Structures are given as structure tokens and as C-alpha cells.
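Input: a single structure, listed below in C-alpha cells.
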Amino acid sequence: MKTIKTKICELFEIKYPILQGGMAWVATGELAAAVSQAGGLGIIGAGNAPREVIREEIHKVKKRTDNNFAVNIMLLSPFVDDIIELVIEEEVPVISTGAGNPGKYINRFKNNKIKVVPVVSSVALAKRLARAGADAVIAEGTEAGGHIGELTTMAMIPQMADAINIPIIAAGGIADGRGIAAVLSLGASGVQMGTRFVCSEESPAHAKYKEAILSARDRDAVVTGKSTGHPVRNLKNRLTRKIDKMEAQGTKKEEIEEAATGKLREAVQNGNINEGSLMAGQIAGMVEDILPVKEIIDKVVYETALVIEKNIEYIKEQ
Ligand code: TUI
């Protein structure tokens with residue numbers, strides 16, 4: 001059986017160097033447990049949820065698997081301090097962070113034997129966090145869904161690999177073995193996939209959300225919110241057109257942010273694909289089936305091994 005192994009397999013004590021994005025509302029205990037059980041690193045997305053809601057998700061994972069898992073702490077959340085206390089109390093083995101600089105929290109995690117893996121979108125922040133003691137970084141390119149930076153995965157990974165000595169996990173624009181082989185070639189030691197796992201059987205996203213990704217084409221995942229300083233990539237729909245219009249008219253930042261508030265939940269839980277926020281990455285156009293998590297992981301691992309052996313035709317024949 002063909003497989004792949006990198007230094008992050010040892011770091012996180014996982015079988016395959018594959019992480020599942022800590023997507024708010026989607027990355028529940030069920031999804032994270034399925035990914036960890038299949039040999040990857042499942043990540044619970046704390047999003048803006050309060051402590052006790054996330055405690056339940058952690059317990060779901062612990063009940064379903066003995067394998068390592070992580071919690072993603074979204075640094076814009078009003079509950080950041082509570083979630084930090086929670087992950088320490090629950091002895092969560094790994095945390096990732098998003099949407100901000102976690103520098104001031106790193107020592108606290110390390111003192112509690114928690115591995116820290118910040119999501120970054122620039123070399124400068126990666127260098128700072130490597131110096132501050134991060135165990136690895138997730139370098140997320142602008143191809144990703146949700147809140148994003150400016151650099152592409154393709155341009156960022158090799159520049160970061162030249163600048164830091166801790167492992168880099170690539171995210172943004174990766175959904176199959178070709179993408180994994182590509183970023184390993186660029187200097188990454190693993191990948192994080194989000195959109196691909198939204199379209200898994202274990203993902204709690206509404207069936208209509210999943211269908212919207214399955215029907216998406218290459219240019220459908222567009223960016224809104226550039227003018228507010230919080231650019232977000234979503235599938236084009238009535239909401240993105242409304243926000244585009246507000247931005248073109250110079251509407252106040254607060255009003256634009258208000259128009260987006262609660263819209264991710266509206267799409268994920270209620271299946272409102274017109275007025276909801278359908279966060280998804282640029283590879284949405286490539287996701288064509290809903291599969292069990294284990295099949296996704298086994299498939300991309302096998303593809304990666306074959307691509308690395310230069311047997312690219314295998315994938316084309318599928
Ligand atoms: O965090 C994400 N993706 C997200 S968070 C989210 S919830 C949200 N919704 C609407 C607006 C804002 C947030 C939806 N998707 N990905 C990880 C990520 N982190 N991408 C980029 C960054 C990032 C940005 C700035 C990391 C650090 C950073 O630092 C700024 C600084 O202080 O230096």
C-alpha cells in the first residue's frame with residue numbers, strides 16, 4: 001500500500017500529514033473525530049462559540065477516537081480567553097489559531113504541553129511566531145475559503161520554507177493528491193484541507209451548502225469585504241452581490257460587517273444558499289463528490305504517492 005509520511009506525522013503523532021481546517025460551524029466533534037480516526041488531524045473549529053459548546057465537541061471527539069486532535073481558536077472571537085482555559089483544562093493535545101497573532105498566548109500553551117500551530121498568511125508573521133516558540137505554522141494562501149490573506153499558496157510556501165526552521169503545513173487551494181505533491185515539492189511538510197472536508201459524509205453542513213460546492217466552477221469563489229479589512233472568500237450568490245454593491249457605494253465598514261454577521265450559520269445550518277455566506281476555497285470547482293472522510297483521506301494519500309512517483313495519469317483515468 002502506497003503512503004506518505006513527513007516530520008509532522010511525528011510532531012502530532014498522526015499517520016498521515018493531513019489536517020482538516022477548523023471551520024466555524026462545520027468543524028464539529030463528529031467531523032474532527034472522523035478525520036483523526038482516519039489517520040489525519042481533526043480540528044474542532046471554535047469560531048465564535050462559547051466555552052461549554054466547544055467542551056461538548058471535545059467530548060464527542062474523545063468518545064469516538066483515542067487519536068490526537070486539535071481545536072482551532074479564532075482570535076476575533078469574544079470567547080478567546082474562555083476557549084484557552086478550556087483547551088488547557090481538557091488537555092487538548094494541539095491547538096491552531098486563526099484570524100490574528102497568537103504570540104502572547106504561546107508560552108501559556110507550551111507550559112501546558114499543548115502544541116501550537118498558528119495559521120499565518122505572511123512570512124513576517126511566520127518568522128515572529130517561530131521565534132516565539134510555535135511548533136509549526138499553517139501557511140494559508142488566498143485560494144482558501146473564509147477569512148484570507150493576500151499571498152498565494154504557490155508563492156508563499158517556498159519563501160516561508162527559506163525563512164523558518166519549523167514545519168510548514170500548506171493550506172488554500174488543495175483538494176487532491178496533485179495539490180499535496182505540489183506543496184510538498186514547494187517545501188511544506190503537510191497540508192490542511194477545508195472545502196474538501198465540507199463535502200464529506202460526516203460534515204454537518206446543510207445538503208444545499210454541499211451541493212453549492214459540488215456545482216461550483218473555477219471562478220465562483222469570490223472575495224468580499226476587502227474594504228473592511230476582513231476579506232472573506234465565499235461562493236458567489238445574492239449575499240456577495242449585495243456586499244459588492246455596498247462596497248462600491250462606499251457604505252460604512254460597520255454596516256458592511258453587519259450585513260455579513262450570522263450569515264455563515266445561516267448557510268451551514270439552514271441551507272440558505274442565497275442569503276447565507278457560502279465560505280469555500282478556489283478549488284470548490286474541483287470537488288465533485290461527497291465521500292466518507294476515510295475515503296477522502298485514503299484517496300488523496302494514494303494519489304500523492306503516485307504523483308510523487310510521476311504516475312500522474314492515474315488520476316486522469318479516474
Ligand atoms: O481564520 C481563518 N479563516 C476564517 S476565520 C472566519 S470567521 C470570520 N468571519 C468573518 C470575518 C472574519 C472572520 C472565517 N474564516 N483562516 C486563518 C487565517 N488567519 N487566515 C488569515 C489569518 C491571519 C490574518 C491575520 C492570521 C494572522 C493575522 O495576523 C494579523 C496580525 O495581527 O499580524
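The values are calculated or read from the model by the stated rules, or taken from the named source; none is laboratory data. Everything quoted here is computed from the prediction, not taken from an experiment. With ideal geometry, Cβ positions are generated from the backbone for all residues, glycine too; neighbour counts draw on all protein chains shown. The area values use the complete protein model at the heavy-atom level, side chains included, leaving out ligands, DNA and RNA. Shrake-Rupley method; radii C 1.70, N 1.55, O 1.52, S 1.80 Å.
Would you mind putting 137-143, 284-290 in packing order, based on average other-beta-carbon counts within 10 Å, highest first?
Most protected by this proxy first, the peptides run 137-143, 284-290.
For a distance above 18 Å, tell me the whole-number percent of Cα pairs in segment 170-318 that qualify.
Value for segment 170-318 (Cα pairs over 18 Å): 60 percent.
Using only the Cα atoms of segment 158-252, build the gyration tensor, take square roots of its eigenvalues as a ≥ b ≥ c, and label the shape rounded, prolate or oblate: rounded if a/c is under 1.5, else prolate if a/b is larger than b/c, else oblate.
In terms of gyration-tensor shape, oblate.
When the Kirkwood hydrodynamic radius is evaluated over all pairs of different C-alpha atoms of segment 54-209, what value in angstrom, to one decimal, is obtained?
16.3 Å
For segment 1-107, count the residues as N, evaluate 2.2 N^0.38 Å, and divide the Cα radius of gyration by that value, please.
Working it through for segment 1-107, the quotient is 1.03.
Placing one identical point scatterer on every Cα of segment 128-183 and ignoring solvent, what is log10 I(q)/I(0) from the Debye formula at q = 0.16, 0.20, 0.22 Å⁻¹?
Ignoring solvent entirely, the Cα scatterers give -0.48, -0.73, -0.86.
Would you kindly compute the Cα radius of gyration of the chain and its largest Cα-Cα separation (Dmax), both in Å?
Here Rg and the maximum Cα pair distance are 18.3, 57 Å.
If you take all C-alpha pairs in segment 207-283, what percent of them are over 14 Å apart?
56 percent
Applying a 10 Å radius around every beta-carbon, put 4-11, 248-255 in order of their mean neighbour count, most first.
Ranking the peptides 4-11, 248-255 by packing returns 4-11, 248-255.
Using a ≥ b ≥ c from the Cα gyration tensor of segment 56-148 (square roots of the eigenvalues), is it rounded, prolate or oblate, where a/c under 1.5 gives rounded and otherwise the larger of a/b and b/c decides, a/b for prolate?
prolate
So how exposed is Glu89, as accessible area in Å² (1.4 Å probe, rounded to 10)?
Result for Glu89: roughly 110 Å² accessible.
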